[in-house]
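Throughout, read-outs are computed from the coordinates displayed, never taken from laboratory work. This one's a predicted model, so the numbers in the text were calculated from it and none came from an experiment. In this analysis, Cβ positions are derived from the backbone assuming ideal geometry, glycine residues included, and neighbour counts consider all displayed protein chains.
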Amino acid sequence: MSSQSKPAPFLPRTRGEMASLGWDELDILLVTGDGYVDHPSFGHAVIGRYLESKGYRVGILDCPELETDGSGWKRLPAPRLFVGVTAGTIDSMVTNYTASKKRRRIDVYRPGGAPGRPNRATIAYTAQARHHFPGLPVIIGGLEAGPRRLAYWDYWEEKARRSILVDSKADLLVWGMGERAILEIAQRIERGLSLSGMPGTCEILPREKLPENAREVPSFEMLNADLDHLIELFHAVREENSPSSRAIAQAHGNRFVVQYPPPPPASQAEVDSFYDLPFARAWHPDHDRAGGIAALEPVRWSVNTHRGCMADCSFCSITFHQGRSIQSRSEESILREAAQLAGDVDFRGTITDVGGPTANMWGLGCKLLEKGEPCLDRDCLTPDPCPALRLDKTSEGYRRLLSLVRNTKGVKHAFVSSGIRFDMLRGKDGKLLPLHHDLVQHHVPGRMKLAPEHASDATLEAMNKPRFEVYERYEADYKQECRESGRDQHLVNYFIVGHPGTSLADALDLFEKLLDRNYSPEQVQEFIPLPMTRACVQYVTGKDPLTYKELHVPRGERERRMQKALVRWKAPESRALVEEALEQAGRADLYERFQRALRAANRRAGREADLDLDTCG
């Protein structure tokens, strides 16, 4: 272990940088498909800086395929201890392809937005690491590896695939937030100890070495033969997801992938230590000549307040990665970061976000969740927030935090741009909490982002989202608050099309609600069944794994495009598909409403264009 006394300006990505730091070797090499951004929103930077803070010399081998002559893998020497591999911030297939499986032209996580990340990058990079650094342990992790830790159904190939640990031939897989696991790995390798049995990891073992009382789940071969076994696998992963759980063992031929339980939730002091690291909050200077890395811009001046999400939305994998327990930073740590931002020479006075996966979950929890032990008898937020969550108290705490951040010297605005759960903005008496007033008055940058996701209650039930009437009630209160305070602010809604449980009739329910509001968002999310999620099981089996209810699953490209057009009904290219949907559903009654709404929208667009011309003149 190195005895370095101060952190590097950037973790080195070349031998030249190593030499400038006086390093003659690396302890650990981290390989990522993203361009190196030294910011707490990027996993490779957090893991690297955390290991550095413990005295290890860490190098970042980012986008090794950038060097077209094949020299990228020689940019840094073999490390002393191990190679850590991640596909990047996002699953490489989601980064490389749209929901309709068309190749994306831009990769915002890479220098200049240039695509080129390999498909299934975790597997590709592990193979290259084995070739270039023979004999060294290779550890995989991140948002591509974690949800694929057991056998899974692959959307891109439309078939079952083996655990990514088996396919990549890595030595160990770290799942979840990996700081504590990766430090223990480094310490064990340095001491010559076995890596077996570590919390939050997966390894491959023969049957005779399986942990006592391990829960066997359907094998890869069983899953491959009958995809309905995904339901049993989903229940096992959901139930064995706490520190007191059993290990899960899944056969792949005559070997078993063993998933060990997660560690207890990180303490507040630990979470603080992850975010108090000396990040440069910039992309590596080597990427300047390519124009930088666009993914930094939305988060450059943001403050992440916590990890974890208890919402358990069916389509989202955050619960399986960050956990259900909300692991919050202290006020002191958050305010230190706010002051650091305010002192930056490039800071212009606006902190763009003070939040996390769900902004108003900071500080939220109950006695079970704080131990990492979720209650499986009921959902935390659906159909209504659980009384044990202490919403009133924690909401007041978040309100105080926002006030402290916006009053930090040098800060003019402190906005909340990450998602807000509108069903968590009411107290037990049903009235809006004081937090809502402060959000509207001080923390909305003209538009509040909300994710009702749909308007059909049947679809929302499949998504595990609040009923639409809950959103409508909040929408009315929000508009009333804006009117009374004289604030010209708006709601920006996010919707998902093609989600399991969405029939054409359900899509038309949403269409009607949007017509009523004269609202047609420019962007809409198209559903992708991500591994391990409840929605993936719904998509593959046509059944909800919790209720066993049969669901309609939009599979064909035409049906998905039709649902998208019904949301983006103002777009000229949507008109023919909207008319086709109305005819197919026998909803002639909606046709005239649609035409009137289009004519009104076109008149407004014309008036706005005239105003723009007048201004230009």
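A DSSP coil position with no more than 11 other Cβ atoms inside 10 Å describes the following GluC sites (Glu not before Pro) in the range 479-542: E522.
Sparse packing (at most 15 other Cβ atoms within 10 Å of the Cβ) combined with a DSSP loop state is found for the following GluC sites (Glu not before Pro) in the range 186-230: E212. Between rounded, prolate and oblate, where does the range 15-259 land on the alpha carbon gyration tensor, with a ≥ b ≥ c its root eigenvalues, rounded for a/c under 1.5, else prolate if a/b exceeds b/c? The shape class here is oblate. Between the alpha-carbon centres of the range 34-93 and the range 424-452 there is a gap of 39 Å.
Considering only F274, P572, A601, the residue lying farthest towards the positive end of the dipole of the chain is F274, judged by Cα position with unit charges set on Cβ. Using a simple spin-label model with points 7 Å from Cα along the Cα→Cβ vector, what separation in nm is obtained for Q584 and Y548? In this crude label model, Q584 to Y548 measures out at 3.2 nm.
Annotation: peptides 307-313, 137-143, 97-103, ranked by per-residue average of other Cβ atoms within 10 Å with the highest first, follow the order 137-143, 307-313, 97-103.
The gain in end-to-end length when the E216 to Y519 segment is fully stretched comes to 104.1 nm, 0.36 nm per residue minus the alpha carbon separation. What you get for the range 15-259, charging only the Cβ of Lys and Arg (+1) and of Asp and Glu (-1), is a dipole of about 280 debye around the Cα centre. Taking the square roots of five times each eigenvalue of the Cα gyration tensor of the range 280-320, the equivalent ellipsoid has semi-axes of 30, 13, 8 Å, listed largest first. Other residues whose C-beta falls under 10 angstrom from the C-beta of Y519 contribute a net charge of +2, scoring Lys and Arg +1 and Asp and Glu -1. Shown for the chain are the DSSP H helices of 30 Å or more along their axis, judged by Cα atoms, with a mean Kyte-Doolittle hydropathy of at least -1.0: 588-616. Each Lys and Arg Cβ is given +1 and each Asp and Glu Cβ -1; about its Cα centre, the range 446-617 then shows a dipole of about 180 debye. Note on the range 15-259: dipole from Cβ charges, positive end direction compared against L210, H235, I90; the farthest Cα belongs to I90.
Straight-line reach from K101: taking Cα to Cα under 18 Å and skipping same-chain neighbours fewer than 8 places apart, the aspartates and glutamates in range are D91, E144, D154, E157, E158, E526, E557, E559. Note on Cα Rg over 2.2 N^0.38 Å: of the candidates [x] 1.20; [y] 1.31; [z] 0.99, the value calculated from this structure sits at [z].
Note on the range 446-617: lysine pairs with Cα distance below 16 Å, sequence gap of 8 or more or different chains, count 4. Using a simple spin-label model with pseudo-atoms 7 Å out from Cα toward Cβ, R390 and I106 lie 4.4 nm apart. Can you list the trypsin sites (Lys or Arg not before Pro) in the range 403-462 that are in a DSSP coil and have 14 or fewer other beta carbons within 10 angstrom? Listed in order of number, the matching sites are K409, K412, K428, K431. A cut-off under 14 angstrom between Cβ atoms defines the neighbours of L404, and their net charge, with Lys, Arg +1 and Asp, Glu -1, is +1. Computing FRET efficiency as 1/(1 + (r/R0)^6) for V345 and D154, where r is the C-beta to C-beta distance and R0 is 30 Å, gives about 0.05.
Distance between the modelled labels on D69 and K371, one decimal in nanometres: 6.1 nm (7 Å Cα→Cβ projection). Counting charges near G542 (Lys, Arg +1; Asp, Glu -1) among other residues having Cβ under 12 Å from its Cβ returns a value of 0.
Stretching K479 away from D286 to a fully extended chain increases their span by 64.8 nm, per 0.36 nm per residue minus the current alpha-carbon distance. Full extension of the chain segment joining R188 with H131 gains 18.2 nm, where the gain is 0.36 nm per residue of separation less the Cα-Cα distance. Here K367 is the anchor, and the lysines within straight C-alpha reach of less than 17 Å, apart from those fewer than 8 places off in the same chain, are K393. Each of I60, Y125, A462 was placed along the dipole of the chain (beta-carbon charges, centred on the mean Cα), and the one lying farthest toward the positive end is I60. Rounded to the nearest 20, the size of the Cβ-charge dipole of the chain about its Cα centre is 520 debye, with Lys and Arg at +1 and Asp and Glu at -1.
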